[in-house]
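Asks: Pasting a structure below so you can have a look.
The values are calculated or read from the model by the stated rules, or taken from the named source; none is laboratory data. Just so it is clear, the structure is predicted and the values come from calculations on it, not from any experiment. All Cβ positions, glycine included, derive from the backbone under ideal geometry; neighbour counts span all protein chains shown.
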Amino acid sequence: MFKMIDIPPVWLILAIAAAWAQSEYAPMGLSMAHPVTELLSGLLIGAGVVLIALAAVAFARARTTIIPHQTPATLISNGVFGRSRNPIYLGDALILTGLILRFDAVPSLVLVPIFIWWIERHFIISEESRMRRVFRAEFACYEQKVRRWV
């Protein structure tokens with residue numbers, strides 16, 4: 001049962017909920033409220049959504065799984081995957097950062113590096129290990145050429 005809900009969107013929603021709760025129930029007198037912050041939050045959220053959408057389209061075109069615990073049939077190395085090995089997780093981090101700014105939850109900014117650390121340890125390392133076994137030299141070349149995040 002846990003494996004079914006142990007997917008990155010669940011962890012993203014939990015982090016977003018924690019940031020929202022902090023902003024509502026424990027604001028701690030800290031604020032970054034400003035029109036520039038509002039603009040930045042919108043740009044971050046939008047960029048995250050676009051990255052995720054582009055990556056999802058790439059998965060669909062390659063006819064391979066987008067599910068983290070499954071082995072992909074194809075190594076995608078073009079499009080957004082030519083810039084980041086993990087554009088969906090990067091998009092998640094951008095959305096989280098943008099929403100924290102939108103909620104004006106300054107203390108919750110600490111959730112961003114925690115979220116990135118958790119995703120890396122909990123998903124990315126095992127995904128990349130699986131890809132190394134399946135795609136061998138092709139993944140090794142890709143890994144040398146494209147950074148994990150940006």
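Asks: Which fully enclosed helices (runs of 4 or more DSSP H) of segment 82-150 have 3 or more residues being crowded, with 20+ Cβ neighbours inside 10 Å?
Replies: In segment 82-150, 87-103, 111-119 are the helices (runs of 4 or more DSSP H) which contain 3 or more residues that are crowded, with 20+ Cβ neighbours inside 10 Å.
Asks: Looking at segment 1-20, I want the residues that are modelled with pLDDT of 90 or more and have a partner that is among the polar types (S, T, N, Q) and crowded, with 17+ Cβ neighbours inside 10 Å with Cβ atoms under 6 Å, at least 6 apart or on another chain. Which pairs are those?
Replies: Ala19/Ser108
Asks: Right, another one. Filter segment 40-54 down to the residues that are over 10 Å from Gly98 (Cα atoms) and in contact (Cβ under 8 Å) with a residue 24 or more places away in the chain and list them by number.
Replies: Selection gives Val49, Val50, Leu51, Ile52, Leu54.
Asks: If the requirement is being farther than 17 Å from Ile16 by Cα and more than 12 Å from the chain's Cα centre (by Cα), which of these qualifies: Gly29, Gly98?
Replies: The conditions single out Gly29.
Asks: Mind listing whichever residues of segment 29-44 are of a type outside the set (Asp, Glu) and farther than 17 Å from Leu90 by Cβ?
Replies: Scanning segment 29-44 gives Gly29, Leu30, Ser31, Met32, Ala33, His34, Pro35, Val36, Thr37, Leu39, Gly42.
Asks: All but one of (1) in contact with a helix residue (DSSP H, G or I) (Cβ under 7 Å, 6 or more places away or on another chain); (2) at pLDDT 95 or above hold for His69, so report the exception by its number.
Replies: (2)
Asks: Related question: Given the residues Glu38, Glu24, which is the only one that is of a type in the set (Asp, Glu) and touching a Lys or Arg at 6+ places or on another chain (Cβ under 8 Å)? Walk me through it before giving the result.
Replies: Numbers: Glu24 fails: touching a Lys or Arg at 6+ places or on another chain (Cβ under 8 Å).
Matching residue, one of Glu38, Glu24: Glu38.
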